[in-house]
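As structure tokens, the structure follows; a few thoughts come after it.
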Amino acid sequence: MKFLVADDHAVVRRGLREILEESFAGCVVEEAGDIAATLAALERGEWDLLVLDLQMPGGSGLELLRTVRQLRPQLPVLVLSVHPEDPYGIRTIRAGAAGYLTKESAPEELVAAVGRILRGGRYISPALAERLAAVLEEGGGRPPHERLSNREFEVLVRLGRGQTVKQIALELHLSEKTVSTYRTRLLEKLGLQTTAELIRYALAHGLTEA
């Protein structure tokens, strides 16, 4: 059994490694600390499971998930993140993740999630399952931000945190012009007029929590 643990914090990676090695005898665990290292590991070997943090240096975690699904469509991905389940959990499951856990979860829940995914299942909490069911219902009252693309969503989140266009461009490896274009799209899709209104929207919907 081969696990790839992708997280930018060495302490977190070590903790995950110890939990996996104790719970799955004889497994091999490799670590990656940023997006580039994660992609390099995926290209040079085969894995049974990727445990993925959404927020790592080198770009967008949601875009990385999409890339992983393209490179290794059969590889199950368990997202383990500081972000709250709603809306991040919904977005990652819809993007192809096999499971979503917050980093506040107990080690026993992590082991249960990994076991279920390795058996071919999915792992989501009861609260997230209920939210997903509501989203799938016809006319389920989805808020406008759930209809955004992953890139638009991440720009919205960062605007909500008070980041400038330049800061967002550096963090997501985009040009400032491209980020400005996404901001314009956000204003149109959310029916808002100014960047200040985008920030208030993100705050009001809890999108900046981390």
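Every number in this text was worked out from the coordinates using simple rules, so none of it is lab data. Remember, predicted model here, so these are calculated numbers, not experimental data. In this analysis, Cβ positions are derived from the backbone assuming ideal geometry, glycine residues included, and neighbour counts consider all displayed protein chains.
Go through the range 110-119 residue by residue and turn each phi into a ³J(HN,Hα) via Karplus (6.51, -1.76, 1.60, θ = phi - 60°); whole Hz please, and just put x for glycine and proline.
My calculation for the range 110-119 gives 4, 4, 5, 5, 4, x, 5, 5, 5, 7 Hz in order.
For a protection proxy built on the mean count of beta-carbon atoms within 10 angstrom, sort 5-11, 101-107 highest first, please.
Going by the mean number of other Cβ atoms within 10 Å, highest first, we get 5-11, 101-107.
Return, ordered by residue number, the residues of the range 9-40 whose backbone nitrogen is under 11 Å from a label point located 7 Å along Cα→Cβ of LYS2.
Residues 28-30 fall inside that zone.
Mind checking the range 20-65 for GluC sites (Glu not before Pro) that DSSP puts in a loop (not H, G, I, E or B) and that have at most 13 other Cβ atoms within 10 Å?
GLU46
With only Lys, Arg, Asp and Glu charged, each at its Cβ (+1 for the first two, -1 for the last two), find how big the charge dipole of the chain is about the Cα centre; round to the nearest 20 debye.
With Lys and Arg at +1 and Asp and Glu at -1, about 660 debye.
I need the phi-derived Karplus couplings for the range 86-94: 6.51 cos²θ - 1.76 cosθ + 1.60, θ = phi - 60°, integer Hz, Gly and Pro marked x.
10, x, 5, x, 4, 5, 6, 5, 5
Which of LEU64, LEU49, LEU170 ends up with the largest GNM mean-square fluctuation for the chain, with Cα atoms connected below 10 Å?
Looking only at LEU64, LEU49, LEU170, the biggest GNM fluctuation is shown by LEU170.
Taking amide H positions as placed 1.01 Å from N in the peptide plane, with prolines and chain starts having none, which residues 5 or more places from GLY96, or on another chain, fall under 5 Å of its amide H?
Sorted by chain and number, the residues that satisfy this come to none at all.
Using θ = phi - 60° and the Karplus relation 6.51 cos²θ - 1.76 cosθ + 1.60, list the HN-Hα couplings for the range 7-19 in order, rounded to whole Hz, with x at every Gly or Pro.
Values, residue by residue: 7, 8, 10, 4, 5, 5, 4, 5, x, 5, 4, 5, 5 Hz.
List the residues, sorted by chain then number, that are 5 or more residues from SER81 or on another chain and whose placed amide H is less than 5 Å from its amide H.
Under 5 Å from the amide H of SER81: LEU101, THR102, LYS103.
Mind checking the angle between helix 35-44 and the chain's longest principal axis? C-alpha axes, 0 to 90 degrees, to the nearest 10.
Approximately 40 degrees, to the nearest ten.
Between GLN193 and GLU18, what is the label-point separation in nm under the 7 Å Cα-to-beta-carbon projection?
Simple spin-label model gives 5.5 nm for this pair.
Please work out how much length the chain gains when fully extended from VAL11 to ARG44, using 0.36 nm per residue of separation minus the C-alpha to C-alpha distance, in nm with one decimal. Could you put the intermediate results ahead of the total?
Numbers: separation 33, 0.36 × 33 = 11.88 nm, distance 2.47 nm.
Here the segment from VAL11 to ARG44 would lengthen by 9.4 nm.
So what is the 222 nm mean residue ellipticity for the chain from helices alone, if each DSSP H run of at least 4 adds -39500 (n - 2.57) and you divide by all residues, rounding to the nearest 500 deg cm²/dmol?
Numbers: 10 runs with 107 residues, N = 210.
Rounded to the nearest 500, it is -15500 deg cm²/dmol.
Treat the count of other C-beta atoms within 10 Å as a stand-in for reagent exposure and order THR164, THR184 from fewest to most. Walk me through the intermediate numbers first.
Numbers: THR164 13, THR184 10.
Listed from fewest to most nearby Cβ atoms, that is THR184, THR164.
Indicate the gyration tensor shape class of the range 144-204 (rounded, prolate or oblate), computed on the Cα atoms with a ≥ b ≥ c the square roots of the eigenvalues: a/c under 1.5 is rounded; otherwise a/b larger than b/c is prolate and the rest oblate.
Verdict is prolate for the range 144-204.
If you take Cα extents along the principal axes in Å from the coordinates, which of (1) 56, 37, 28; (2) 47, 40, 33; (3) 72, 39, 31 do you get?
Computed from the coordinates, Cα extents along the principal axes in Å corresponds to (1).
Any idea how far apart GLU104 and LEU170 come out in nm if each label point goes 7 Å out from Cα toward Cβ?
According to this spin-label approximation, the distance is 3.1 nm.
What angle, in degrees between 0 and 90 and rounded to the nearest 10, separates the Cα long axis of helix 150-160 from the longest principal axis of the Cα atoms of the chain?
70 degrees
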